[in-house]
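Read through the structure below, which is laid out as structure tokens, and then see the notes.
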Amino acid sequence: MDYSGSCHCGAVKFTFSADQITEGLRCNCSICLKKGALMSNFFIAPDDLRIESEPDVLSSYQFASHVAKHFFCNNCGIYSFHQTKRKPGFYRVNLGCVDGIDSLSLPVVLADGAAF
Ligand SMILES: [Zn+2]
């Protein structure tokens with residue numbers, strides 16, 4: 001299926017193709033605890049996430065190992081996707097940003113990111 005998504009203000013937009021989304025992932029690592037977002041429980045290859053953002057609006061944050069890269073809109077502050085630590089370069093997306101997905105009703109898989 002073809003999916004599209006955006007941050008809250010719409011300055012960051014993205015599209016990707018994936019199997020139908022039937023579940024989400026939450027994680028107990030230090031940043032996910034504070035973000036509280038429901039993420040895709042699948043990885044998107046770097047070439048398969050098409051990002052269309054307005055200039056200078058997409059910021060990123062890194063910490064600790066500096067492998068994962070957490071992207072957010074510096075206008076509205078919303079986390080839209082990140083490059084993972086588990087599979088460097090590959091993305092997970094914030095399902096709350098994906099059009100047509102009810103992120104509050106999806107079954108949740110828990111990842112023990114704190115132990116990784
Ligand atoms: Zn925004």
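The table for this structure:
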| item | result |
| --- | --- |
| Those aspartates and glutamates that a straight Cα-Cα span of less than 16 Å connects to Lys34, excepting residues fewer than 8 apart in one chain | Asp112 |
| Ascending count of other beta-carbon atoms within 10 Å, so fewest first, for Tyr3, Tyr79 | Tyr3, Tyr79 |
| Region 23-63 versus region 68-109: alpha-carbon centroid distance in Å | 3 |
| Virtual spin-label span in nm between Phe63 and Glu23, 7 Å along Cα→Cβ | 2.8 |
| Proximal lysines relative to Lys87, as straight alpha-carbon distance under 17 Å, when same-chain residues fewer than 8 apart are discounted | Lys69 |
| Counted charge near Phe63, where neighbours are those whose Cβ lies closer than 14 Å (Asp, Glu -1; Lys, Arg +1) | +4 |
| Label-point separation, Val109 to Cys76 (7 Å along Cα→Cβ), nm | 2.7 |
| Listed residue (Val108, His82, Ala64) projecting farthest to the positive dipole end of the chain, Cβ model | Ala64 |
| √(5λ) per eigenvalue of the Cα gyration tensor, region 2-115, largest first, Å | 19, 18, 14 |
| Region 2-115: relative contact order in percent, alpha carbon pairs under 8 Å with at least 6 residues between | 35 |
| Region 28-77: equivalent-ellipsoid semi-axes (sqrt of 5 x gyration tensor eigenvalues, Cα, Å) | 19, 16, 12 |
| Amide H contacts of Ala111 (H built 1.01 Å from N, under 5 Å, at least 5 apart or other chain) | Arg26, Cys27, Asn28 |
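We did not get these values from a lab; they are worked out from the coordinates using the rules stated. Note that the coordinates shown come from a computational prediction; the quantities given were computed from them, not determined experimentally. Don't worry about glycine lacking a Cβ; one is built from the backbone with ideal geometry, like all the others, and counts go over all protein chains shown.
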